[in-house]
Structures are given as C-alpha cells and as structure tokens.
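Notes for the one structure printed next.
The values are calculated or read from the model by the stated rules, or taken from the named source; none is laboratory data. Just so we're clear, the structure is a prediction, and the values are computed from it rather than from any experiment. Methodologically, a virtual Cβ is constructed for each residue, glycine included, from the backbone with ideal geometry; neighbour enumeration extends over all protein chains shown. Surface areas here come from the heavy atoms of the whole protein model, side chains and all, with no ligands, DNA or RNA. Shrake-Rupley method; radii C 1.70, N 1.55, O 1.52, S 1.80 Å.
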Amino acid sequence: MKRKLIAAIGVAGMLFSVAACGDDGGDSGKSAGPDSFKGQTLVVWTMDGSAPADWTKDVQAAFEKKTGAKVEFETQKWDGIQQKVTTALSETNPPDVIEIGNTQTPAYAATGGLAELEDLKKEIGAEWTDSVNQSSIFEGKQYAAPWYFANRVVIYNKKIWAEAGIKGTPKTRDEFFEALETIDKKTDAEPIYMPGQNWYFFDGLIIGQGADLVKKDGDTYVSNLADPKVTAAMEIYRKYASFSTAPKDKDEATPQQAEVFAKGKTGAFIGMGWEAATAVAANKAIEKDLGYFTIPGETADKPEGVFLGGSNLAVAAGSEKQELAKEFLKITLSDEFEGALAKANGVIPNKKSLESNLAGNAVAEAAAPAAAVGGTTPLIAQWAAVENTPNPIKAYMTAVLKGKAPADAAKDIESEINERLAQEN
C-alpha cells in the first residue's frame with residue numbers, strides 16, 4: 001500500500017524525510033573483493049525521501065571499493081509505484097535492487113518476482129528485529145531484507161498538560177486515560193483528537209491484543225473481525241474516542257489532525273512524526289509546546305501495539321546480478337550505513353542495537369520502544385484489496401462508535417471483506 005513515511009528530524013527544524021538492469025554476464029559464484037565485479041553496474045530503485053544524498057554518496061564509494069562495480073540509484077515516486085514495480089519485475093531486464101513497502105512485499109513475492117534471500121538472512125540478519133523482519137518473509141521464506149521503519153507516537157501539548165497539573169507522561173494505558181480525564185475536567189481543551197476512522201491506530205490496538213484481521217478457512221482467508229480480541233481493541237479505541245469531539249465518520253486526514261492540533265486547543269493526538277512538522281507549519285507558535293511519548297500499553301513494561309510502516313530492500317528474481325546485489329545489501333544494511341540512515345532520517349533501524357543513533361531526535365526516541373511489539377496488516381497478497389476505498393473496516397469503526405454492537409457491526413461487513421479477500425491478484 002502507498003505510505004507516507006516521513007520522520008521529523010529534530011524538534012526545531014522538523015525537516016521532512018520519512019512506510020533489479022544489467023549487462024549480460026551473470027555473477028553467480030563470485031566472491032566479493034576489490035575488482036571482483038569490475039565493469040558491472042548495479043541499478044537500485046529507492047523511493048523519494050528514503051536515501052539522503054550524503055548517505056547515497058558514501059554507500060556508492062563503499063560499494064565500489066569493495067566490489068569494483070558501480071551502483072546507480074534511481075529515485076522513484078510513491079504515486080503509481082505498485083504498478084511500476086509489478087511491470088518492472090515481469091520484464092527481462094529489471095532493476096537489480098528495489099525498495100518496496102513492507103506491506104507490499106508479500107504480493108510481489110507471490111508473483112515470483114523476488115529472489116529468495118535465505119543465505120543473506122543467515123549471514124547478516126541474526127539480529128534483525130523479528131517484528132520488522134516479518135514482512136520480508138512469505139510462506140516461510142525470506143524474500144526481502146528489512147530496511148527502515150516508522151510508527152505512531154503520542155504528540156501532546158505540554159502547555160495544556162501543565163495547565164491540567166499533569167507532571168510527567170503516562171506509562172500505562174490507564175494512566176493515559178486518567179490524564180485525559182484530568183484535562184477534560186481542569187481545562188477547556190479537547191483532551192485528545194481521535195476521529196472515528198484512524199484505521200492504522202486501530203490496527204496497532206489489534207496487534208497489541210494479539211489478534212489478526214484474517215483467519216484461514218480451509219485454503220481461503222476470511223475475515224476475523226468478529227474475534228473477541230478485535231472487539232477488545234475496538235473497545236479501547238472507543239474509550240479514546242470518548243474524549244474527543246472529532247467526527248466519527250472521518251479519518252485523521254479529513255481534516256488533517258495535525259492542523260486541528262495546531263490551533264492550540266487540543267491536548268494530544270496520535271500520529272506519525274512528520275505530523276508534528278505539519279502542525280508547526282500551520283502554527284509556528286505551537287512548536288515550543290510540542291512533546292512526544294510512546295503510546296502506553298496495558299502495563300508499563302510493554303508499549304501499545306503499533307502499525308509498523310516501512311520499507312524493505314528486495315532483489316529482482318530476474319536480475320542477472322543477484323550476487324552483486326547481495327553485496328550491495330551487505331553494505332547498505334551494515335551497522336555503519338543502517339545506523340547512519342536512522343540518524344539522518346530519524347527512522348527506526350532494523351536492529352535494536354542501532355537505535356542509539358536516534359538519540360536527540362525526540363520523535364524517534366518516542367517511537368522506537370514500540371517497534372519490537374509492532375506489526376502490520378495481514379501479510380498476505382490478498383490483503384491489499386481489503387483496504388481499497390471505501391475501506392470496510394472504517395465503516396465498522398464508525399458503526400461501533402455510533403452505538404452498534406461490535407459483533408453486529410462486524411457481521412454487516414464481513415461478506416464484503418471476504419469477497420475482497422477472494423479476488424484474484
């Protein structure tokens with residue numbers, strides 16, 4: 001699915017940053033070393049905003065020094081990228097390495113367009129965080145490598161919280177609800193802005209409950225929306241929404257929740273780091289009042305589940321330079337360059353030991369603790385159709401918030417979900 005993964009770099013600046021074509025001679029069996037791939041050029045597709053110029057330059061230099069080969073980065077736009085990648089992977093001369101959205105990976109793997117990377121995982125992936133690597137696995141095999149990630153945090157107005165007499169930030173969900181109740185009683189502010197269809201936050205709550213939105217019925221995937229654990233997640237969402245006057249039938253982009261928050265009359269909202277920059281762009285004066293913390297879970301030792309958006313790096317099955325491509329991945333995903341990307345873009349790296357590179361970035365520091373307990377939408381090729389507009393799960397959320405019993409709301413839309421899951425890909 002198309003994602004907008006932009007991290008806010010630093011509290012003051014709020015800079016925006018972040019969800020296989022070669023010559024003939026194959027390189028199978030070659031070992032990496034100076035000049036071992038001399039004369040070859042590797043083509044790498046990265047998405048707009050993913051690879052900073054200085055980082056790219058340094059990767060190119062390291063790659064050339066190690067292999068003797070050149071690497072060409074080609075920047076792609078998110079708009080229309082799914083069809084463009086699908087077409088490229090079906091051609092005889094595809095890009096060698098492609099950045100793909102993590103939730104898109106199963107669909108590409110299902111087509112046979114991605115090379116298996118089991119050997120790469122064994123060599124360099126022992127410390128990859130399980131939650132961020134999960135989207136690179138399809139039917140038990142490694143078809144990509146985790147690159148960078150981002151998730152939602154609580155963005156709050158420190159001035160309003162101070163007016164309510166709240167000291168510190170909550171460490172549990174109940175403490176968070178208590179803080180919202182206090183804001184409601186002691187200030188004129190809306191405690192939290194929570195529209196009825198903040199679907200990805202809801203998905204995080206589902207992950208936190210240990211639930212999934214689909215289940216197997218024989219060889220077919222069907223809706224699991226009626227699962228009691230999904231209902232529990234929706235009840236948590238309903239409690240958050242009870243502190244908000246936001247529309248029950250709109251999502252966080254209609255209107256932009258950051259712009260609502262920017263007016264200075266809202267205690268908090270749950271969003272991506274880049275939304276803080278959106279708030280500052282709408283009202284520069286609010287910058288000094290911005291604060292961030294990890295979405296609290298049921299207990300202090302485990303944050304709330306979150307949807308992990310991000311990107312994986314994959315090697316095209318049709319590339320004639322698969323060994324060279326793997327050398328590129330070894331460099332790109334090394335501690336040096338994975339850590340440098342995390343520091344530059346404020347994104348979560350693929351292993352916990354590299355999160356020290358996020359120090360000083362308040363948004364990233366708030367996001368990182370939840371990465372290990374995060375997850376995604378169902379990692380099946382059929383899932384993309386479910387989220388097509390109109391998203392039936394958004395309709396379910398609105399129905400529950402307007403008073404319908406979760407079981408009845410689920411029953412109303414499960415046939416639509418099942419029909420979409422049955423579509424040919």
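Under 25 Å of direct C-alpha separation, and excluding same-chain neighbours fewer than eight residues apart, LYS84 reaches these lysines: LYS2, LYS4, LYS70, LYS141, LYS321, LYS326.
Relative contact order for region 263-370: 24 percent, from Cα pairs under 8 Å spaced at least 6 residues apart, divided by residue count.
Rolling a 1.4 angstrom probe over the protein heavy atoms with all chains in place gives the chain an accessible area of 42 Å² per residue. Think of each Lys and Arg Cβ as +1 and each Asp and Glu Cβ as -1; about the Cα centre, that makes the dipole of region 351-409 roughly 100 debye. Derived from the Cα gyration tensor, the three semi-axes of the equivalent ellipsoid of the chain are 39, 26, 17 Å, largest first.
Calculated on C-alpha atoms, the gyration radius of region 264-406 divided by its Kirkwood radius gives an Rg/Rh of 1.04. Other residues lying with their Cβ under 14 Å from the Cβ of ASP217 contribute a combined charge of -3, Lys and Arg counting +1, Asp and Glu -1. Converting phi to 3J(HN,Hα) with the Karplus coefficients 6.51, -1.76 and 1.60 and the offset θ = phi - 60°, region 377-386 yields 5, x, 8, 10, 4, 6, 5, 3, 5, 5 Hz in sequence order, with x at every glycine or proline. Ordering LEU42, ALA126, THR278 by Cα displacement along the dipole of the chain toward the positive end leaves THR278 in first place; charges were set at the Cβ atoms of Lys, Arg (+1) and Asp, Glu (-1). Excluding same-chain neighbours fewer than eight residues apart, the aspartates and glutamates reachable from LYS65 by a Cα-Cα span under 14 Å are ASP35, GLU327.
Under the rule of -39500 (n - 2.57) per DSSP H run of 4 or more residues, summed and divided by the residues of the chain, what mean residue ellipticity at 222 nm is obtained, to the nearest 500 deg cm²/dmol?
After summing the helix terms and dividing by the residues of the chain, the value is -10500 deg cm²/dmol.
For the residue pairs LYS158/LYS288; LYS171/LYS248; LYS57/LYS351, the alpha carbons lie more than 19 Å apart in LYS171/LYS248; LYS57/LYS351. Around the Cα centre of region 221-329, unit charges on the Cβ atoms of Lys, Arg, Asp and Glu (plus for the first two, minus for the last two) sum to a dipole of about 380 debye. The portion of the accessible surface of the chain made up by carbon and sulfur, rounded to a whole percent, is 48 (1.4 Å probe; DNA, RNA and ligands excluded). Between beta-carbons, use under 12 Å as the cut-off and find the net charge around ILE331, counting Lys and Arg +1, Asp and Glu -1. Residues near ILE331 contribute -2 overall. For region 247-323, the mean projected area of the C-alpha convex hull, equal to one quarter of the hull surface, is 9.9 nm².
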